[in-house]
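S.K.: Dumping the structure here so I can ask a few things about it.
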Amino acid sequence: MNKTLVINNISRLVTMEPGPNRESKLGVIADAAMRIEGEHIAWIGRQADLSASSNNDIIDAKRAVVLPGLVDCHTHIVHADFRQGEFNLRSQGKTYKEIAEQGGGIMSSVRSTRAALEEDLVASAKARLDEALSRGTTTLEIKTGYGLNFDAEMKMVRVIKELERTSPIKILGTFLGAHVVPAEYKDKRGEYVRLVVDKMLPAALASHAISACDVFVEEGAFTADEARSIAKKARELGLALHLHIDQFADGAGGMLAAELSALSADHLDHTSEESAGAMASKGVIGVLLPGASFFAGRGKYPNARMMREKGVKLAIATDYNPGTNPSLDLWFSATIAVTQMGMSCDEALLGITRHAALALGSADAGKIAKGLRADFIVLDAPDEYFPLYRYGVNFVKAVFVGGKLRRGTL
Ligand SMILES: [Zn+2]
């Protein structure tokens, strides 16, 4: 008989799957225990129903709360320099446009990332992954998009592959060669789109580090037609599609996401009811990035309540990036979603777990159930809502990935 690990004395086991004898939309089992065999969950239930076995390692959770590992479904963690100088300039009243005209913004990250050594990009991203893990993130998406030429985008792809190979966090890579049109293609943008479609996407796919493609659709980035041609190629290659849409204005991005059957449409700060309805009808997951709206400081947030009423499934991600949200704290993003966007605490917790996993096409992540990989976190808190309320404090006491303790102690 295999040696198994039992975790008992769990005050609340938050499965994220409602069901009989479970509380709330989050499917909480009170006074629970779980049994893990190898990398997978073999049993969950009430501690009173746990069958006795002498061949177990037993961990006493001491009345802690257990949740699935968090899922951050939208990040840009591979980059070179930080951009704290721009933050300072913004605090003095400079606009994004003025900062970009002075060489700041995304193109500043592009310059430093192009110049950086591959091993330095790996090392700095590893440190950020470590930070995310300590806050409970066990699945994380990473986009390219600071290379914007063939060699530098492929360098980012290789960095992502190395992170996939070495990090305890499950990484999903997304190709975002269509982040912005690089300065050298300003007057020949069609040529850049062709480079993305004909050369970059096939080469990125061949690396086996990428499972999705993303396009930034916005005035100043890419048009809907350009997104269509990139999405067509992505589909031919078997890649899932994410879209950055409606961040600064309503560009009918939700309609486009529905037309292209995108897996997710992200940002949605200005998305209309009509767009939200189209997304819901095609099952496009809406990924809200509250930290980016918060950090922009304009007081404009996506209308989560409207999107929920239209039937859009909503996830929450950090959008970690060195310009518009340098934070990997998913809990804080969830708190902002509650206080500024009209989400309930239950919706926010689903948003950083089960729904975020759906936005990545990883239906097995973000929940706790028999047979799934044992990725879960242990919270030193009275209930699952407490970290949203006492925001800014890290209540994650231990992080398990594939049944192994990877952070903290119990
Ligand atoms: Zn983004």
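The values are calculated or read from the model by the stated rules, or taken from the named source; none is laboratory data. The model shown is predicted, which means the values in this text are computed figures rather than measured ones. Note that each Cβ is placed from the backbone with ideal geometry, even for glycine, and that neighbours are counted across all protein chains shown. All accessible areas refer to the heavy atoms of the entire protein, side chains included, with ligands and DNA or RNA removed. Shrake-Rupley method; radii C 1.70, N 1.55, O 1.52, S 1.80 Å.
S.K.: Out of all the residues in the stretch 199-206, is one or more open to solvent by 10 Å² or more (accessible area, probe 1.4 Å), at pLDDT 95 or above and charged (D, E, K, R)?
M.R.: So the first thing to find is which residues in the stretch 199-206 are open to solvent by 10 Å² or more (accessible area, probe 1.4 Å), and the list is 199, 202-203, 205-206.
Among the residues that remain, those that are also at pLDDT 95 or above are: 199, 202-203, 205-206.
Restricting the remaining residues to those that are charged (D, E, K, R) gives 199.
So far as the stretch 199-206 goes, yes, one or more of its residues are open to solvent by 10 Å² or more (accessible area, probe 1.4 Å), at pLDDT 95 or above and charged (D, E, K, R).
S.K.: I'd like to check which helices (runs of 4 or more DSSP H) are fully inside the stretch 276-392 and have at least 3 residues that are away from the ligand (no atom under 16 Å from the Cβ) and open to solvent by 40 Å² or more (accessible area, probe 1.4 Å). Can you show your working first?
M.R.: On the way: elements: 290-296, 304-310, 330-341, 345-351, 354-359, 386-389.
The helices (runs of 4 or more DSSP H) meeting that bar are 304-310, 330-341.
S.K.: Counting just the residues of the stretch 118-155 that are within 18 Å of the chain's Cα centre (by Cα) and among the aliphatic types (A, V, I, L, M), which one comes out surrounded by the fewest Cβ atoms within 10 Å (Cβ to Cβ)?
M.R.: 127
S.K.: Another one. Take the residues in the stretch 240-268 that are more than 17 Å from the chain's Cα centre (by Cα) and open to solvent by less than 20 Å² (accessible area, probe 1.4 Å), then tell me which one is farthest from the ligand (Cβ to nearest atom).
M.R.: Selected residue: 258.
S.K.: Being part of a loop (DSSP other than H, G, I, E, B), polar (S, T, N, Q), within 16 Å of the ligand (Cβ to nearest atom) and open to solvent by less than 50 Å² (accessible area, probe 1.4 Å), is that true of even one residue in the stretch 161-170?
M.R.: First pass over the stretch 161-170, keeping only residues part of a loop (DSSP other than H, G, I, E, B): 167-169.
Filter once more, keeping what is polar (S, T, N, Q): 167.
Restricting the remaining residues to those that are within 16 Å of the ligand (Cβ to nearest atom) gives none.
No, the stretch 161-170 contains no residue that is part of a loop (DSSP other than H, G, I, E, B), polar (S, T, N, Q), within 16 Å of the ligand (Cβ to nearest atom) and open to solvent by less than 50 Å² (accessible area, probe 1.4 Å).
S.K.: What are the residues in the stretch 211-229 that are hydrophobic (A, V, I, L, M, F, W, C) and within 16 Å of the ligand (Cβ to nearest atom), if any?
M.R.: Correct list: 212, 213, 215, 216, 217, 221, 222, 227.
S.K.: Restricting to strands (runs of 3 or more DSSP E) lying wholly in the stretch 3-88: which have 2 or more residues that are surrounded by 14 or more Cβ atoms within 10 Å (Cβ to Cβ) and among the charged types (D, E, K, R)? Walk me through how you get there before you give the answer.
M.R.: Details: elements: 4-14, 28-37, 40-46, 56-60, 65-68, 70-72.
Result: 28-37.
S.K.: Out of (1) within 16 Å of the ligand (Cβ to nearest atom); (2) over 15 Å from the mean Cα position of the chain (by Cα), what's the single condition that is false for residue 196?
M.R.: The one condition residue 196 does not meet is (1).
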